[in-house]
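Right, one structure below, let's go through it.
Every number here is computed from the coordinates shown, using simple stated rules; none is lab data. Since the structure is predicted, the reported quantities are computational estimates derived from the model, not experimental observations. Reconstructed Cβ throughout: ideal geometry from the backbone, glycine too, with neighbour counts over all protein chains shown.
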Amino acid sequence: MDQLLNLLGYEFVQNAIVAGFVIAIVSGVVSPFVVARNMSFAVHALSELGFTGAAGFILIGLSPVLGLLAGSAVTALFIGTLGARVRGRDSVIGLVMAFGLGLGVLFITLYPKYANEAFALLFGTINGVSHGDVLFLTGIAVAALIALGIVYRPLTFATVDPEVAEARGVPVRALGIVFLLIMAIAVSEAIQIVGVLLILTLLITPGATAERLTPRPGQATAYSVAVALFCTIGGILLALSTNAPVSVFVTSLSFGCYLVARFIAGPALAARSPRGALAEST
Amino acid sequence: MTEPAVRFEGVTLAYGRRPIWADLSLDVAAGSFIAILGPNGAGKTSLLRAILGLVSPTSGRIEVLGAPPRRGDPAIGYVPQHQHFDAETPLRGRDLVRLGLDGHRWGVGLPNAGASARVSASIASVEASAYADAPIGRLSGGEQQRLRIAQALVSEPRLLLCDEPLASLDLRHQQGITELLRDWRERTGGTILFVTHDVNPVLHLVDRVLFVVNGRWAAGTTDEVLTSEQLSTLYGSHVDVVRVHGRILVVGETPTGYAAEEPHHEPALVGHERAHL
């Protein structure tokens, strides 16, 4: 414990914790939409092509954080414009992802000293975040939250009830692209902690956990943020007290949250709510 | 005669070079219940989409409540075909109805007493108060569809567009939904356009029918339109219209025998003039 308190005095630890807060809030707010819109595959594509972007930017001497954002934002636009129809969406995502990741491999091999940074990007780290990064991450997080605040209601409508939303004049297709861009920001943020390959632990699990706890959209967002905060900050503190990588703890904590919600808390809440008994029998 | 709720003037709609329907001219009287009939793919849904302003006609003019169609018109309520909500959909019945009131507006949508009261009143009017707070995905098809009606009515529309709202519901729920629509029309004097492939569940409510087949159409009362002669002309092949036990069956000859309701044949020409519904 003393050791942990000592560590909190280091700047890299403070950066990690501040970044963790920002990242968890963005991931937690975005996650319920990712779950409700069935977009896990898209999240993965944005993440892996964020990696390509970061690798490319490092190669030409630019910031990897910017590269992440550029890579996933470009991918978001590709998927949004090419894959408007749900039926063709997965194949569009798949083919864009395969091509982009191929480029990523090329960038890695061109930059021989890259192995360490590649490992950090892929699996996450807590000491990769500089003070400048924290400011940048906070800036784009605020932008993402403002954008999501503006589109929150029509996006909810378009997500759960697209036909009627369209009939009521909601620009369903344009909102899909806006949401992909918001997701690109969330992905670039979450990669800082959990890495490219474990991205789903912050963008799927909190939303999927919240969905088990409440049928109210507003409450689901609050629960999702709480789960993301608990896993991120808890994961960082556990990583500091041991020497294991942070993503190990974040993924374990979030999986644990989901299991508790699914098998213990969710059924207990459902039993108290209207139609709870029916819920259990189906 | 008062202003029609919907007016079509020589309207043709085409996707690419394939016409959906051609030269449609008719007036839908305010306060009437119109059934829009025809086989699958005849363009019944496109007709509703044109009224909603989601597709533009290739030629001709549409007027809705005295003005050109515009997207998101709050005077139009829309009830889609029943599609079951996934059991885990994070939404209560109440939230679904609320989306019908202000879901199209920007922003987060904070709690609002006035809006909540309107939502509750709409839910009460379809007798769904008992289960409006349950997760929508846990409700039966009939319960979900009642909430969809509440969602369409909460913005106090004057025109209600229903796209196969009874499909995949059992007979009891079909009757329940039909009664709600009848009550709403009597209470408000609103107009209902009701797309269906089977006219029987709403036969007692229908003022006029519009029958669409492969771009051709015929309009009038059920007795005028649903006859062997009229439908044979529309389909371009022999079709029998049989009335039995108060139900109307459309039976057509197909290469493999006889098919009820939906004969699939090459169309032939049918002449038409302006219809008043």
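Per DSSP helix of 4 or more residues, -39500 (n - 2.57); summed, then divided by the residues of the protein assembly as shown. What does that give at 222 nm, rounded to the nearest 500? It would help to have the intermediate numbers written out before the result.
On the way: 22 runs with 304 residues, N = 559.
Mean residue ellipticity at 222 nm (helix-derived): -17500 deg cm²/dmol.
Helix B:93-102 versus the longest principal axis of chain B: what angle, 0 to 90°, nearest 10, using Cα atoms?
For helix B:93-102, the angle is close to 80 degrees.
Taking N as the number of residues in the range A:149-282, what is its Cα Rg relative to 2.2 N^0.38 Å? Let's see the in-between values first.
Values: Rg = 17.2 Å, N = 134, 2.2 N^0.38 = 14.1 Å.
Normalised by 2.2 N^0.38 Å, the Cα Rg of the range A:149-282 equals 1.22.
For the range B:115-173, what does the relative contact order come out to in percent, with C-alpha contacts under 8 Å and a separation of six or more?
Values: 27 pairs, mean separation 21.3, N = 59.
The normalised contact order for the range B:115-173 reaches 36 percent.
Placing +1 on the Cβ of each Lys and Arg and -1 on the Cβ of each Asp and Glu in the protein assembly as shown, which of A:Ile146, B:Thr12, B:Gly60 has its Cα farthest towards the positive end of the resulting dipole?
Value: A:Ile146.
Evaluate peptide B:77-83: per residue, the Cβ atoms of other protein chains within 10 Å of its Cβ; return the mean as an integer. Walk me through the numbers on the way to the answer.
Working: counts 3, 6, 3, 6, 1, 0, 2.
Mean inter-chain Cβ contacts per residue within 10 Å come to 3.
Taking each pair of different alpha-carbon atoms in the range A:32-141 once, compute 1/r for the pair, average those values, and report the inverse of that mean as the Kirkwood hydrodynamic radius in Å to one decimal.
Working: mean 1/r = 0.0681 Å⁻¹.
When all Cα pairs of the range A:32-141 are included, the Kirkwood radius is 14.7 Å.
Kirkwood-based Rg over Rh for the protein assembly as shown (C-alpha set), two decimals?
Numbers: Rg = 28.0 Å, Rh = 26.2 Å.
In the protein assembly as shown, Rg relative to Rh is 1.07.
With unit charges on the beta carbon (Lys/Arg positive, Asp/Glu negative), name the residue among B:Ile76, B:Gly114, B:Val209 whose Cα is farthest towards the positive pole of the charge dipole of chain B.
Checked the options; the winner is B:Gly114.
Can you tell me the Rg and the Dmax, both Å, for the Cα atoms in chain B?
19.3, 61
So which helices of chain A fit the span-like rule, where a helix is a whole DSSP H run, its Cα atoms reach 18 Å or more along the axis, and its mean Kyte-Doolittle is at least -1.0? Please report the intermediate quantities before stating the final value.
Values: long enough: A:11-36 (38 Å, 1.85); A:40-59 (29 Å, 1.27); A:64-82 (27 Å, 1.85); A:86-110 (37 Å, 1.52); A:131-160 (39 Å, 1.55); A:172-194 (32 Å, 2.17); A:217-241 (36 Å, 1.45); A:246-260 (21 Å, 1.85).
In chain A, the long hydrophobic H runs are A:11-36, A:40-59, A:64-82, A:86-110, A:131-160, A:172-194, A:217-241, A:246-260.
Find how many whole Å separate the alpha carbon centroid of the range A:15-71 from the alpha carbon centroid of the range B:59-102.
35
Show me, for the range B:201-214, the HN-Hα J-couplings you get by feeding each phi into the Karplus relation (A = 6.51, B = -1.76, C = 1.60, θ = phi - 60°), rounded to Hz, glycine and proline as x.
These are the phi-based 3J(HN,Hα) values: x, 10, 4, 6, 9, 6, 8, 9, 10, 10, 10, 10, 9, 6 Hz.
Suppose every Lys and Arg Cβ carries +1 and every Asp and Glu Cβ carries -1, with no other charges. What dipole size does the protein assembly as shown come out with about its Cα centre, to the nearest 20 debye? Write out the running numbers ahead of the final one.
Numbers: 39 positive and 43 negative charges, 132 e Å.
Rounded to the nearest 20 debye, it is 640 debye.
Dipole of the range B:1-150, Cα-centred, from +1 at each Lys and Arg C-beta and -1 at each Asp and Glu C-beta, to the nearest 20 debye?
Working: 16 positive and 13 negative charges, 58 e Å.
That gives a dipole near 280 debye.
Scan the range A:1-73 for chymotrypsin sites (Phe, Trp or Tyr not before Pro) in coil per DSSP, keeping those whose Cβ has at most 15 other Cβ atoms within 10 Å, and list them by number. Intermediate values should be presented prior to the final figure.
Numbers: sites: A:Tyr10, A:Phe12, A:Phe21, A:Phe33, A:Phe41, A:Phe51, A:Phe57; in loops: A:Tyr10.
Those that pass, being in a loop and sparsely packed, are A:Tyr10.
At 0.36 nm per residue, and after removing the present C-alpha to C-alpha distance, how many nm does the segment from A:Leu103 to A:Gln14 gain when stretched out fully? Could the numbers behind the result be given before it?
On the way: separation 89, 0.36 × 89 = 32.04 nm, distance 3.43 nm.
The span from A:Leu103 to A:Gln14 would gain 28.6 nm if fully extended.
If you average the C-alpha positions of the range A:207-236 and of the range B:191-208 separately, how far apart do those two centres end up, in angstrom?
Cα centroid to Cα centroid, the span is 46 Å.
In terms of the ratio Rg/(2.2 N^0.38 Å) built on C-alpha atoms, what value belongs to the range A:76-206?
Values: Rg = 17.2 Å, N = 131, 2.2 N^0.38 = 14.0 Å.
It is 1.23.
Show me, for the range B:12-20, the HN-Hα J-couplings you get by feeding each phi into the Karplus relation (A = 6.51, B = -1.76, C = 1.60, θ = phi - 60°), rounded to Hz, glycine and proline as x.
After applying 6.51 cos²θ - 1.76 cosθ + 1.60, I find 10, 10, 9, 9, x, 9, 8, x, 7 Hz.
Pull up all non-local amide H partners of B:Tyr78: gap of 5 or more, or a different chain, and H-to-H distance under 5 Å with H placed in the peptide plane.
Result for B:Tyr78 returns B:Leu161.
Starting from the amide H of B:Leu210, placed 1.01 Å from N in the peptide plane, find each other amide H under 5 Å away whose residue is 5 or more places distant or on another chain.
Answer set, sorted by chain and number: B:Ala35, B:Ile36, B:Leu37.
Under a Cβ-only charge scheme (Lys and Arg +1, Asp and Glu -1), can you give me the dipole magnitude of the range B:59-139 about the Cα centre, in debye to the nearest 20? Numbers along the way, then the final one.
Numbers: 9 positive and 8 negative charges, 47 e Å.
So the magnitude is around 220 debye.
Other chains' Cβ within 10 Å of A:216-223 residues: what's the mean?
Shielding by partners across A:216-223 averages 3.
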